[in-house]
Amino acid sequence: MSKKVLLIEDEPQIVAALRFLLQREGLSVFDHGDGQDATQKINAVNPDLVILDVMLPGRSGMQILQDLRDDKRTQELPVLMLTAKGQRKDREAAENAGASMFMTKPFANEEILRNVKALLNR
Amino acid sequence: MARSLTGTRIRERRRGKNLSQTELARQVGISSSYLNLIEHNRRGIAGKTLLAIAENLGVDARSLSEGADRAHVMQLREAAANVPAAGAEIDRLEEFIGRFPGWARLIDDFQSQSKFQNETLLALSDRLNHDPFFAEAIHMMVSNITAIHSTAGILSEGDAVPPDMRRMFLDNLAAESARLAKTASDLIGHFDTPEQPEQLGTRSSAVDRFFETHGFYLAALEQGDAGVDDLLEGAGPLSDFDRADLTSALTGYRDMARALPLDRFLDRCRDLAFDPLRLAMEYSAPLETVFRRLAHLPAAEDLPEFGFLKVDGSGGVLFRKQLTTLNLPKFSSGCPLWPVYRCFGQPGQPVRAMMNTPTGEGFLTFSVAKQHPVNEFGLPPSLTASMIFTTDFAAFLPKAERQTLARLDVGLHCTVCPRLECSARRSGYILG
């Protein structure tokens, strides 16, 4: 059974590109574009990996990550954070909040695929 | 210190006119040995002798006299302090100004331009850090670029991408490119500030430049020989923002001049000792309108010259007319001890005070803060405050009355203000 990746990203064109890349790797891809009810979506999909944008409408990716780490069911869930902010303090904030990995937009396709595989194979 | 400047200036101006010491002394009616002492700064000079020398040299007596260039001196001191490694001979500054007035003006202009650019950079930096539009635009652009970068990477794989997916990604690429172009265009528009210093001397906004060029007095507009549109046309190319700004300023000027026609106003000024409060009562005009009228008088020997500063509650400068003896800020605020800021505490209450700066200048000042109506329930009124100031008060304000006025020891910009113990200080002194 293929592994499930949930993309929480509000930019549909980025979702389209990542969906194509990940599906081609044999992964099942789900997506969600709003921060407000993202944790419900995560619990419903029960993914093997979440790719989480930091800046989302409704609720920030950092708050969603905090919720995931506060919940026993999702404490160990791999989360790859995506952000347009590449400053050191943002990276540190993401790591402190429990992000498994942090990537700065824009990224190369090969790079994100490499990181997704690494997180799924942990 | 200032005496040396006067003598040195006389010598330099005389040499510039190819006049011998003997010849000038003869024209002025003093001995050449006395003139020699004056020129070598061993004798003070004032009154009739100074006026006679100025007249024979064809210059304004004030340009030779003490204190006329305080702001100029401070400006050059600041320039020297900004580059201490240059080792500028500050102790010979006044001699330098006297001997090389053109070079001194050039350095003054460079320093002004440098300050303007620094203030512009600070304003831009502040804007970049706190501007919500900019933050949102950058976020959108990074998202656009990410989508384009990722989509282009997929398309570059060629036949590995099924035709229907290729079509979708091409459409996505076109849509994202269009969004990126739109965001970039909006961003450029947001930061499009045509108001840039184009050459030395043009260091302020279009309104400032316009009024400085016209000496803050618009005779044609006052006398009905030209309208606002005529003056706008003569102002040269303007951005939409500058045009709106200047139109508003000129319309305000025209309305002020209509409410307080110059000839009669000057008569009443002389009768009422240039007291703006009594003038406002006589004309039933707002005090701020009288301030503006006094700031826009023609230059004449028998009229006091008033500077003008109007600020909002955040200290932002809305309008300024500088005097050579007092530099006013453009983007930042001045000294918080100035009465124009103090009067925010009592809106509507006119304040008259003598203001003494650390450079030794004394200014008669009139200030008032005004509340502006709001357009929403629950909002406090916004405030502006205006101040006029002059050093030419001796002619209309008797000494006895002057001595009854509040005397405020104030500063300049903290960076050039030597009042080191001032409790209102907000940054260090750079000239120490």
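Just so you know, all these numbers are worked out from the coordinates, no wet-lab data involved. Fair warning: this is a prediction, and the values are worked out from it, not measured in the lab. Cβ atoms come from the backbone with ideal geometry, glycine included; neighbour counts cover every protein chain shown.
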Specify which residue in the list A:Ser60, B:Leu379, B:Leu262 is farthest towards the positive end of the charge dipole of the protein assembly as shown, using unit charges on the beta carbon of Lys, Arg (+1) and Asp, Glu (-1), about the Cα centre.
B:Leu262
In whole percent, what relative contact order does region B:248-313 give with Cα contacts below 8 Å and a gap of six or more residues?
25 percent
Loop GluC sites (Glu not before Pro), region B:263-308 (other Cβ atoms within 10 Å of the site Cβ: 14 or fewer; DSSP)
B:Glu301
So what are the ³J(HN,Hα) numbers for region B:9-15, from phi and the Karplus equation (6.51, -1.76, 1.60; θ = phi - 60°), rounded to whole Hz, Gly and Pro as x?
5, 4, 4, 5, 5, 5, 4
Under a GNM of chain A (C-alpha, springs under 10 Å), which listed residue has the highest mean-square fluctuation: A:Gly61, A:Gly35, A:Gly26?
A:Gly26
Over 28 Å between Cα atoms, which of A:Lys4/A:Lys89; B:Lys115/B:Lys321; A:Lys3/A:Lys89; A:Lys3/A:Lys41; B:Lys115/B:Lys310; A:Lys41/A:Lys72 qualify?
A:Lys4/A:Lys89; A:Lys3/A:Lys89
Scan region B:136-184 for GluC sites (Glu not before Pro) in coil per DSSP, keeping those whose Cβ has at most 13 other Cβ atoms within 10 Å, and list them by number.
B:Glu157
Can you tell me the 0 to 90 degree angle between the C-alpha axis of helix B:163-190 and the longest principal axis of chain B, rounded to 10?
10 degrees
Using DSSP to call loops (not H, G, I, E or B), can you name the trypsin sites (Lys or Arg not before Pro) in region A:9-106 whose Cβ has at most 16 other Cβ atoms within 10 angstrom?
A:Arg59
Spatial separation of Cα centroids for region B:388-407 and region B:49-125, in angstrom:
27 Å
Value of D in µm² per second that Stokes-Einstein yields for the protein assembly as shown, Kirkwood Rh from Cα pairs, at 4 °C (1.567 mPa s)
44 µm²/s
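Rounded to the nearest 20 debye, what is the charge dipole size of chain A about its Cα centre when +1 sits on each Lys and Arg Cβ and -1 on each Asp and Glu Cβ?
The dipole of chain A has a size of about 300 debye.
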Under the rule of at least 5 residues apart or a separate chain, name every residue whose amide H is placed under 5 Å from the amide H of B:Asp392.
B:Glu305
Amide H proximity to A:Leu7 below 5 Å, modelled H, separation 5+ or other chain, gives A:Phe30, A:Asp31, A:His32, A:Ile51
Lys/Arg +1, Asp/Glu -1 at C-beta; the protein assembly as shown dipole; positive extreme among B:Ala273, B:Val142, A:Asn109:
B:Ala273
Which ³J(HN,Hα) values, rounded to whole Hz and listed in residue order, are derived for region A:104-117 from phi using the Karplus coefficients 6.51, -1.76 and 1.60 in 6.51 cos²θ - 1.76 cosθ + 1.60 with θ = phi - 60°, glycine and proline given as x?
9, 6, x, 10, 8, 4, 4, 5, 6, 5, 4, 5, 4, 4
How large is the direction-averaged shadow of the alpha-carbon convex hull of chain B, in nm²?
31.0 nm²
Would you mind calculating the relative contact order of region B:294-432 from Cα pairs under 8 angstrom and at least 6 residues apart, reporting the percent as a whole number?
24 percent
Along region B:335-351, Karplus-curve 3J(HN,Hα) (6.51, -1.76, 1.60; θ = phi - 60°) to the nearest Hz, with x for Gly and Pro, reads 7, x, 7, 4, x, 4, 7, 4, 6, 4, x, 9, x, x, 8, x, 10
What does the charge dipole of the protein assembly as shown about its Cα centre add up to, to the nearest 20 debye, if the Cβ of each Lys and Arg holds +1 and the Cβ of each Asp and Glu holds -1?
1860 debye
Contact order relative to length for chain B, counting C-alpha pairs under 8 Å separated by 6 or more residues, stands in percent at 11 percent
